[in-house]
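The values are calculated or read from the model by the stated rules, or taken from the named source; none is laboratory data. These numbers were taken from a predicted model, which means no experiment stands behind them. FYI the Cβ positions are ideal-geometry reconstructions off the backbone, even for glycines, and counts take in every protein chain you see.
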């Protein structure tokens, strides 16, 4: 009886605390989570190097080998014929964000096994705010990786017009949030760190290859109408196209709508999945850390 009253009192106190946070306290919470993710990224230099090596290999080796084989006709947003290396650059940018989203979700699986996740989730701040803060931190890290990649690619005369480096930022934010939320949702159903690599490959490679990252969709439609519709239904395709158009000061409104809807859907799914009464904590009998 006394235990139930005490738990009820704690619940009420936490609920009152959530409603009484000042804007400065909300900002401090966000800053703390972003700073933690930034330090983790800085201490894992191999993560930064691997994030750049992967797309650079595709850009300088794969693109060079297929430069004469895969011609790119004049398609929006391009106003003239372009080199294949320039065509695949938006796809490689999105690939950086896709891998970063999966890496962020891997860190969540690790934190759960080490017990750090429970410490975060029992915070008096709302769960949606904690997860959103972590998502924002992961997106910020992915954007830094993207601009580092664009800087290196520029030395090989591969890149958008100068204005495109600024105009692409909103597209990078939205695509980073969507891909990070997808990784967060996936991490909610993975219970062991060892299982993550297989799941990650099962998600990353189909999303990457069944998209417009490496070849125009009109070429896909000529060879396989079914695969064309699969690519159209792939959210990663719309992330690539939103980035591609933004680099050339244009907006693909269909991709913008699809990406916005997927971001909301994945974020809501992740918040529900990490709910202690519905998500992995409940499945493992650890709801609220009290059982």
Exercise. List the number of the failed condition for residue 226; all other conditions in (1) surrounded by fewer than 17 Cβ atoms within 10 Å (Cβ to Cβ); (2) under 26 Å from residue 107 (Cβ atoms) hold.
Key: (2)
Quiz item: Counting only residues that are under 16 Å from the mean Cα position of the chain (by Cα) and without any contact (Cβ under 8 Å) to a residue 40 or more places away in the chain, which one in segment 203-213 is surrounded by the fewest Cβ atoms within 10 Å (Cβ to Cβ)?
Solution: 205
Practice problem: State the number of residues belonging to segment 173-188 that are under 17 Å from residue 238 (Cβ atoms) and surrounded by fewer than 24 Cβ atoms within 10 Å (Cβ to Cβ). | Solution: 2
Quiz item: With respect to residue 26, is the statement that it is touching a helix residue (DSSP H, G or I) at 6+ places or on another chain (Cβ under 9 Å), part of a helix (DSSP H, G or I), at pLDDT 75 or above and farther than 30 Å from residue 215 by Cα true?
Solution: yes
Practice problem: Look at residue 31 and say whether it is assigned to a helix (DSSP H, G or I), surrounded by 11 or more Cβ atoms within 10 Å (Cβ to Cβ) and either modelled with pLDDT of 75 or more or touching a strand residue (DSSP E or B) at 6+ places or on another chain (Cβ under 7 Å) (or both). | Solution: yes
Exercise. For residues that are free of Cβ contacts under 8 Å to residues at least 60 places away in the same chain and not in a helix (DSSP H, G or I), scanning just segment 131-165, find the one that is nearest to the chain's Cα centre (by Cα).
Key: 162
Quiz item: Yes or no: residue 190 closer than 20 Å to residue 141 by Cβ and either under 18 Å from the mean Cα position of the chain (by Cα) or at pLDDT 90 or above (or both)?
Solution: no
Quiz item: Out of all the residues in segment 241-251, is one or more more than 17 Å from residue 164 (Cα to Cα), surrounded by 14 or more Cβ atoms within 10 Å (Cβ to Cβ) and at pLDDT 95 or above?
Solution: no
Quiz item: Does residue 67 count as within 18 Å of residue 151 (Cβ to Cβ), exposed (fewer than 15 other Cβ atoms within 10 Å of the Cβ) and at pLDDT below 85?
Solution: no
Quiz item: Considering segment 252-291 alone, what residues qualify as being surrounded by fewer than 14 Cβ atoms within 10 Å (Cβ to Cβ) and at pLDDT 85 or above?
Solution: 253, 254, 257, 261, 264, 268
